[in-house]
Number of protein chains: 4
Amino acid sequence: MQLKMDATSLEAFIAREFPQVAQDFSVDEVGEELVVRMHVHERHLRPGGTVSGPNMFALADVGIYLAILSRLGPVALAVTTGASVDFMRKPEAGRDLVAKVRLLKLGRVLAVGDVLIYSDGQTEPVARASMTYSIPPQAGQGPESATGRR
Amino acid sequence: MQLKMDATSLEAFIAREFPQVAQDFSVDEVGEELVVRMHVHERHLRPGGTVSGPNMFALADVGIYLAILSRLGPVALAVTTGASVDFMRKPEAGRDLVAKVRLLKLGRVLAVGDVLIYSDGQTEPVARASMTYSIPPQAGQGPESATGRR
Amino acid sequence: MQLKMDATSLEAFIAREFPQVAQDFSVDEVGEELVVRMHVHERHLRPGGTVSGPNMFALADVGIYLAILSRLGPVALAVTTGASVDFMRKPEAGRDLVAKVRLLKLGRVLAVGDVLIYSDGQTEPVARASMTYSIPPQAGQGPESATGRR
Amino acid sequence: MQLKMDATSLEAFIAREFPQVAQDFSVDEVGEELVVRMHVHERHLRPGGTVSGPNMFALADVGIYLAILSRLGPVALAVTTGASVDFMRKPEAGRDLVAKVRLLKLGRVLAVGDVLIYSDGQTEPVARASMTYSIPPQAGQGPESATGRR
């Protein structure tokens, strides 16, 4: 496994391509496992003070997407085609969420990753997710652009 | 199948329990099939002008949740435990999304529904999703409360 | 939607390419919806007399695969890349299973279908499944061959 | 985590409750991670010599089921309610499949596990799966019985 982007360059990429959500995420680690943090704010919460399902979906999606970019470089054209999520425990109120991502396949056409999401500092995951991405033909060679990204 | 809530009462429920997102959704039909509309605004979009994956996830989740409520009444305690989503086509820019929901099982403990999401006016779905909900023991008998909802 | 294979040619295809399982399945209908029947035998059952989960998975997989073939012709190279299944009710002992298949997407690279499985004659589904298939570049033009099929 | 069954007792349980499939599986390890081996025979194969999708589904299902039993004891009533699988690489012909299972949640009502499946001796997984099980109220206290198992 060779890495083409580190935490700083992944965060810069997100800031440039997805400015609306960039402030929510930071990259804690890049390597065999990639660790992304979601800074939990009031707007992510549902009644009861826990992070909503769609926000956990977004965290998983960003995490696996960044794991793909860390290997392919800033090509920005991978598109999520499928996802499965299990919500297993209620996130703790007032804590960030931390997603630990494994890239299980990075093929010519499809990539697959999975992720465990934790309330920061806890040992039991609040959710698991696996997602599949379609890799466009030009990825790895073409100039960077995110316009095809869902 | 007996309905306990109509479109007006479902929308009132959403407005009361989930005020942050209520303005995004309206209920077009309630029956064997429940139809929910997502009013697409700038904040739902990704570069390229299409609705983001997490927002389609949210639409599916709200739709199946409302289909459960329409049968059980406003008990508000069902919790999403699992979800699978396939993103199949790019939503059309500038169109609402319309989710057509079927409730496939409403058991004592678990409910399962699935949904096809369309760009308004189009005939081919942009996404499909299926979701499972855990129904708490008191559902159907207890007073209404949404604090347990993720 | 144009059909390239009817029930008889689909069954002949299965008999030729998958002789080990061909006797288990028959095609009841081909059209917008494709209906496949699984002839339930002793070997499909678990203790208690119901069809096992892996056999329902196999039925869904065969059903969606045949729906793809009915549109593409006997190209036989689609490979299942992802699946999600919900088991919702216990199948009735001593009844065939009937799978009703919809093809939701037939793209250049990926196809997606979903299926509801019923105990024959019942109105409530025992399971739902959705599956994704990778379509190889040569599909639709090349000579027929099933050697790449999982 | 406390273990109530070891590899020998899990294999004895399978032999007694699921005699039809017991010869296909053996338990290599029980612990935080449970490792189950599928002895690949001619009947598991599709044209081309690789293990079929339904057989990989069966391996994942057995593996997570055994991980639940290893914690709960031989109660035998957990029922698979949901599954998602990604098929990522073609299994190698002529090799056993080895499933590495993690139990992510063992709740009062639901259990969730995930699994990576490898061709024996290879480092890249051929498939991943996650599955959800419904745990009946009496599990952990009642006498052992497998008749409710799908």
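Read-outs throughout are calculated quantities, based only on the coordinates presented, and are distinct from any laboratory measurement. Please read all numbers here as calculations on a predicted model, not as lab measurements. Every residue, glycine as well, gets a Cβ built from its backbone with ideal geometry; the counts of neighbours run over all protein chains shown.
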Distances in nm from A:LYS90 to the matching label points in the other copies, shortest first (labels 7 Å along Cα to Cβ): 3.3, 4.2, 5.0
Please list, in chain and number order, the residues 5+ apart from B:GLY82 or on another chain whose amide H is under 5 Å from its amide H, with Hs placed from the backbone. A:PHE87, B:THR132
May I ask for the longest run of chain D untouched by GluC sites (Glu not before Pro) that are loop-located per DSSP and have at most 13 neighbouring C-beta atoms (other than their own) within 10 Å? D:33-143
If the cut-off is a Cα-Cα distance under 13 Å, which aspartates and glutamates reach A:LYS4, setting aside same-chain residues fewer than 8 apart in sequence? A:GLU32
Taking a 19 Å limit on the Cα-Cα distance, which of the listed pairs A:LYS100/D:LYS105; A:LYS105/B:LYS90; B:LYS90/D:LYS90 fall beyond it? A:LYS105/B:LYS90; B:LYS90/D:LYS90
Report the label-to-label distance for A:LYS90 and D:VAL21 in nanometres (one decimal), using points 7 Å from each Cα along the Cα→Cβ vector. 3.5
Measure nothing but the geometry: give the 0 to 90° angle between the long axis through the Cα atoms of C:7-17 and the longest principal axis through the Cα atoms of chain C, rounded to 10°. 90
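Treat every Asp and Glu Cβ in the protein assembly as shown as -1 and every Lys and Arg Cβ as +1, leave all other atoms uncharged, and give the resulting dipole magnitude about the Cα centre to the nearest 20 debye. Present the calculation step by step, with values, prior to reporting the outcome.
Numbers: 64 positive and 68 negative charges, 1 e Å.
Dipole about the Cα centre, nearest 20: 0 debye.
With each run of n ≥ 4 DSSP H residues scored as -39500 (n - 2.57), what mean residue ellipticity at 222 nm is computed for chain D after dividing by its residue count and rounding to the nearest 500 deg cm²/dmol?
Numbers: 3 runs with 35 residues, N = 150.
For chain D, the value works out to -7000 deg cm²/dmol.
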Shape verdict for the stretch A:7-137, please, from the Cα gyration tensor: rounded (a/c under 1.5), prolate (a/b greater than b/c) or oblate. prolate
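With the Cα gyration tensor of the protein assembly as shown giving a ≥ b ≥ c as the square roots of its eigenvalues, does the rule (a/c under 1.5 for rounded; else a/b larger than b/c for prolate; else oblate) give rounded, prolate or oblate? Please report the intermediate quantities before stating the final value.
On the way: a/c = 1.23, a/b = 1.17, b/c = 1.06.
Judged from the Cα gyration tensor, the protein assembly as shown comes out rounded (a/c under 1.5).
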Run through the other copies and list how far each one's label point is from that of A:THR123, in nm with one decimal, shortest first; the point sits 7 Å from Cα along Cα-Cβ. 3.0, 5.2, 5.8
With B:VAL27 itself left out, Lys, Arg at +1 and Asp, Glu at -1 over residues whose Cβ is under 9 Å from its Cβ give -3
Quick check for me: using +1 on Lys/Arg Cβ and -1 on Asp/Glu Cβ, what's the dipole size of the stretch C:7-137 about its Cα centre, in debye to the nearest 20? 320
Please order C:ILE135, B:ILE117 by the number of other Cβ within 10 Å, starting at the fewest. C:ILE135, B:ILE117
Nearest 10 degrees, 0 to 90: what angle lies between the long axis of helix A:53-72 and the longest principal axis of chain A (Cα atoms)? 30
Find every distance from the label point of D:PRO19 to the corresponding label point in the other copies (7 Å from Cα along Cα→Cβ) and write them in nm, one decimal, shortest first. 3.1, 6.6, 7.1
